[in-house]
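Please read the structure below before turning to the comments.
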Amino acid sequence: MLSKRIVAVARRRALSARIHSQNTATPLSKAWNVVGTQLVRSQFHSSRLIQAEVVKVPQMAESISEGTLKSWSKKVGDAVEADEEVATIETDKIDVTVNAPVSGTIVELLANEEDTVVVGQDLLKIEAGAAPPKPSESPEELPPSSKKGDSEEPVDQQVDKSTPPPPQPSTVDKQGGGAPSDGPKEGKKELKEDAKTSAKREEAPAAPSKPPGGRNETRVKMSRMRLRIAERLKESQNAAASLTTFNEIDMSALMDMRKKYKDEVLKEHDVKLGFMSAFARACTLALQELPAVNASIEGDEIVYRDFVDLSVAVATPKGLVTPVVRNAESMGFLQIEKEIAAMGKKAKDGKLSLEDMTGGTFTISNGGVFGSLFGTPIINLPQSAVLGMHTIKERPVVVNGQIVIRPIMIVALTYDHRLLDGRDAVTFLVKVKEYIEDPRKMLLAPF
């Protein structure tokens, strides 16, 4: 028993000495404790970064080696799921999304927005695993008013000190005459007037931020796609011997056919029957009859093709793109319409891949959707021609010696005079006109 008492006394003395040493610790020793804690945390943070997985700039295409980091979808500390988008890289042709390879937490971003990044460059670091739980608020982080026991007064005796005491009526005027004054009534009247004044002040319209007649300018950096479009268009003007021929098309027969069958086609095939499919089919037939329009120049050689890869110009918020309908010569109206609709949706959603826009042997551009009456489209090199469609206008025309009103579309064909003579270009456009003015001819043509 004596030995157990001796051990118990020794433990109590050791505990008392430890408490005393903590209470009497010098500021220097406390500082060393803080420094040691920070070093441990720093080492722990470094170990996390070493274990984190590095995400690199992905391969974009054979001809694309760099791009601009347009935006981050996540920030440091955010949790991500596998295959979730974390960044967008803009190139001169398409936008490339960067996805997280694993689920985890982003611990570091290695590039800033608008930086130029190259394929294979380190982009960010992700710590694999489940996202850490959000830390709950500890009592020390709560505002003073929410902590218990902060006030020395009992709860039932605490007074809201922010509320001013009610005004006391004055029984003696400032002149000292002894007559009772109307203090409370006048105070209420003043409060009402102040409230009305503040309400009117709030209802008053804000002053214009810009003076009338200002001459402000805003400079915005051109996107890579816009720069590439400008470069390609100027290259086309400099390289091709461009010439444009025009013709008029009576759209009556095609419009009647569309009006008669559009509801049935929509119901049975879930596709809207438009004019693009008819013009695409007419062009593929005319291109097979005049293969030079479907050819291109490569060096000192002319390349002829027995297939038609039709480029369809689509306007997007970032610029004009030309997705390709491949082997259009083997498609009918409905197949072409479905392909064009699918490509148009992908273009507007920004989901076109480089393969969707690669190639193309002939281009159709429909400026009529924007109300263009006529214009001269620019050739999409290395192609040799482009067809421009325009808006439909009712005009008086002579039919069988009679003046009648017909819906007329002006079409334009810009062609490279280095490869095509005027005879070929005009003949091509006339054939397109004949097919559109009598769509039944397209049904008789072989696939």
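Brief remarks follow.
- Of all residues in the range 292-311, those satisfying the criterion of being in a loop (DSSP other than H, G, I, E, B) and open to solvent by 30 Å² or more (accessible area, probe 1.4 Å) are Gly299, Asp300, Tyr304, Arg305, Asp306, Phe307.
- Within the range 370-388, tally of residues that are more than 17 Å from Met225 (Cα to Cα), of a type in the set (A, V, I, L, M, F, W, C) and surrounded by 14 or more Cβ atoms within 10 Å (Cβ to Cβ): 6
- Hits in the range 90-113 - residues which are modelled with pLDDT under 90 and in a strand (DSSP E or B): Glu90, Asp95, Val96, Thr97
- Just one of the numbered conditions (1) within 28 Å of the chain's Cα centre (by Cα); (2) at negative phi is not true of Gly319: (2).
- When the range 398-418 is filtered for residues that are modelled with pLDDT under 95 and open to solvent by less than 80 Å² (accessible area, probe 1.4 Å), the ones remaining, listed by number, are Val399, Gly401.
- Within the range 348-447, helices (runs of 4 or more DSSP H) holding 2 or more residues that are closer than 29 Å to Lys93 by Cα: 354-357
- Any chance Leu285 is in a helix (DSSP H, G or I), of a type in the set (A, V, I, L, M) and without any contact (Cβ under 8 Å) to a residue 60 or more places away in the chain: no
- Condition broken by Val314, with the remaining ones in (1) under 35 Å from the mean Cα position of the chain (by Cα); (2) open to solvent by 10 Å² or more (accessible area, probe 1.4 Å); (3) under 21 Å from Leu429 (Cα atoms); (4) of a type in the set (A, V, I, L, M, F, W, C) satisfied: (3)
- Meets criteria (over 29 Å from the mean Cα position of the chain (by Cα) and assigned to a helix (DSSP H, G or I)) for Ala230: no
- The set of residues from the range 216-265 being among the acidic types (Asp, Glu) and open to solvent by less than 90 Å² (accessible area, probe 1.4 Å) comprises Glu235, Glu248, Asp250.
- Test: Ile392 is of a type in the set (A, V, I, L, M, F, W, C), touching a helix residue (DSSP H, G or I) at 6+ places or on another chain (Cβ under 6 Å) and closer than 11 Å to Asp250 by Cβ: no
- Scanning the range 344-369 for residues that are closer than 26 Å to Ile392 by Cα and either open to solvent by 30 Å² or more (accessible area, probe 1.4 Å) or touching a residue at least 40 places away in the same chain (Cβ under 8 Å) (or both) gives Lys345, Lys348, Phe362, Thr363, Ile364, Ser365, Asn366, Gly368, Val369.
The values are calculated or read from the model by the stated rules, or taken from the named source; none is laboratory data. The structure presented is a predicted model; accordingly, all values stated were derived computationally and were not measured. Backbone-built Cβ (ideal geometry, glycine too); neighbour counts: all protein chains shown. Ligands, DNA and RNA are stripped out before the accessible areas are found, and what is left, the full protein with its side chains, is counted by its heavy atoms. Shrake-Rupley method; radii C 1.70, N 1.55, O 1.52, S 1.80 Å.
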